[in-house]
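K.L.:
Just passing along the structure, written as structure tokens.
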Amino acid sequence: MTKKLVVGNMKMNLTLDEVKDYISKMQDYKDCVICPSYLYLPYFIDADFLVGAQNLSLYEKGAYTGEVSAIQASSIGVDYAIIGHSERRLFIHEDDLIVNAKVKRALSSKLKVILCVGETREEKNLGITKDKIEKQLLDDLVDIPKEDISDVLIAYEPIWAIGTGEVPLNEEIHDIVSFIKKTVKKEFHYTPKVLYGGSTNEKNIEELNTIDNVDGFLVGGACLVPDKFIKIIETVK
Ligand code: PEP
């Protein structure tokens, strides 16, 4: 079995002093991907971590004040890009058209994509989780070069589980992860790696890590505290 991937999404957290302290505490645990704010990417790169951007511009280059392009991220040594995180879909109103454009930009700059999909609590209650996820997958991956699909990882992140302390049952995660793999395989003849994300922490990681079709974890809150994140990395490896 190939190694599972642990990705830390730091979101808009930490000051420079906190980042320096974090890096010093994580010296022996670089077996992960860290996605800090853009500002701190060079610090993690210089310290030999694998890193990901939390977002990318949908534009190639030019007069787009405040944006950061895939080409720029790639040029400083960024390895991955999280695209379509639910917080961006919700707060920044990114729709599937925008997400698709960003996926294409990332792939054309040779970045690996972590594409986030997942249902709201309401959609779960209505029993339309799979419809929602199928639509996101098909729309977000439309017209991407078929040969690039192996650079796309999918993160299954139920929106109701993000930052709430609530986690789906293992069987529910297994079922959706299997659905995601089948849906992508049908379209691209390739079975993608699928991460689980949503309130993964140092207490539930042992249980979550028993789900046999999950290829890794996208961790938010718990990645900010080295001791907690180290426990997750150690459990998964
Ligand atoms: C996330 O936002 O990608 C995430 C998984 O957050 P948390 O672990 O805090 O639920």
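K.L.:
Considering each of 9, 55, 13 in turn, give the residue that is touching a residue at least 40 places away in the same chain (Cβ under 8 Å), more than 22 Å from residue 115 (Cβ to Cβ) and polar (S, T, N, Q).
P.N.:
Of the residues listed, the single one that is touching a residue at least 40 places away in the same chain (Cβ under 8 Å), more than 22 Å from residue 115 (Cβ to Cβ) and polar (S, T, N, Q) is 13.
K.L.:
Keeping to region 77-91, report how many residues are near the ligand (Cβ under 8 Å from one of its atoms) and of a type in the set (A, V, I, L, M).
P.N.:
Result for region 77-91: 1.
K.L.:
Here's a follow-up. Mind listing just one residue for me: the one in region 28-39 that is under 17 Å from residue 66 (Cβ atoms) and of a type in the set (Ser, Thr, Tyr) and, of those, most open to solvent (accessible area, probe 1.4 Å)?
P.N.:
Step by step, filter region 28-39, then rank; the result is 38.
K.L.:
Further question on the same structure: Go through region 32-57 and report how many residues are in contact with a strand residue (DSSP E or B) (Cβ under 8 Å, 6 or more places away or on another chain) and polar (S, T, N, Q).
P.N.:
2
K.L.:
While we're looking at this one, here's another question. Can residue 155 be described as within 16 Å of the ligand (Cβ to nearest atom) and of a type in the set (Gly, Ala, Ser)?
P.N.:
Yes; evaluated as a whole, the condition is true for this residue.
K.L.:
Sort through 220, 216 and tell me the only one that's farther than 23 Å from residue 134 by Cβ and either open to solvent by less than 70 Å² (accessible area, probe 1.4 Å) or more than 15 Å from the ligand (Cβ to nearest atom) (or both).
P.N.:
On inspection, the qualifying residue turns out to be 220.
K.L.:
Across region 4-21, which residue is farthest from residue 211 (Cα to Cα) among those that are in contact with a Gly (Cβ under 7 Å, 6 or more places away or on another chain) and basic (Lys, Arg)?
P.N.:
Top of the filtered list is 11.
K.L.:
Inside region 133-180, can you point out the residues that are in contact (Cβ under 8 Å) with a residue 40 or more places away in the chain, closer than 20 Å to residue 203 by Cα and in a loop (DSSP other than H, G, I, E, B)?
P.N.:
157, 158, 162, 163, 167
K.L.:
What pairs come up if the first residue lies in region 73-84 and is farther than 13 Å from residue 114 by Cα, the second is basic (Lys, Arg), and their beta carbons are under 7 Å apart, counting only those six or more places apart or on different chains?
P.N.:
Pairs that qualify, where the first residue is farther than 13 Å from residue 114 by Cα and the partner is basic (Lys, Arg), are 74/110.
K.L.:
When the residues of region 181-205 are filtered to those that are away from the ligand (no atom under 16 Å from the Cβ) and either modelled with pLDDT under 95 or assigned to a helix (DSSP H, G or I) (or both), which remaining residue is farthest from residue 122 (Cα to Cα)?
P.N.:
Only one residue tops the list, namely 188.
K.L.:
Considering only helices (runs of 4 or more DSSP H) fully contained in region 1-117, which possess at least 3 residues that are within 28 Å of residue 146 (Cα to Cα)?
P.N.:
70-75, 86-91, 96-108
K.L.:
I've got another one for you. Need the failing condition index for residue 172 against (1) away from the ligand (no atom under 15 Å from the Cβ); (2) surrounded by 19 or more Cβ atoms within 10 Å (Cβ to Cβ), just the number.
P.N.:
All conditions pass for residue 172, except number (2).
K.L.:
A follow-up question, please. Out of the residues in region 109-132 meeting the condition of being in contact (Cβ under 8 Å) with a residue 24 or more places away in the chain and small (Gly, Ala, Ser), tell me which one is farthest from the ligand (Cβ to nearest atom).
P.N.:
Here the residue is 109.
K.L.:
What are the pairs with Cβ atoms under 6 angstrom where one residue, in region 95-107, is at negative phi and the other, located anywhere, is surrounded by fewer than 17 Cβ atoms within 10 Å (Cβ to Cβ)? Sequence gap at least six, or different chains.
P.N.:
96/139; 100/142
The values are calculated or read from the model by the stated rules, or taken from the named source; none is laboratory data. None of the values given here were measured: they were computed from a predicted structure. Positions of Cβ are backbone-derived with ideal geometry, glycine not excepted, and every protein chain shown enters the neighbour counts. Ligands, DNA and RNA are stripped out before the accessible areas are found, and what is left, the full protein with its side chains, is counted by its heavy atoms. Shrake-Rupley method; radii C 1.70, N 1.55, O 1.52, S 1.80 Å.
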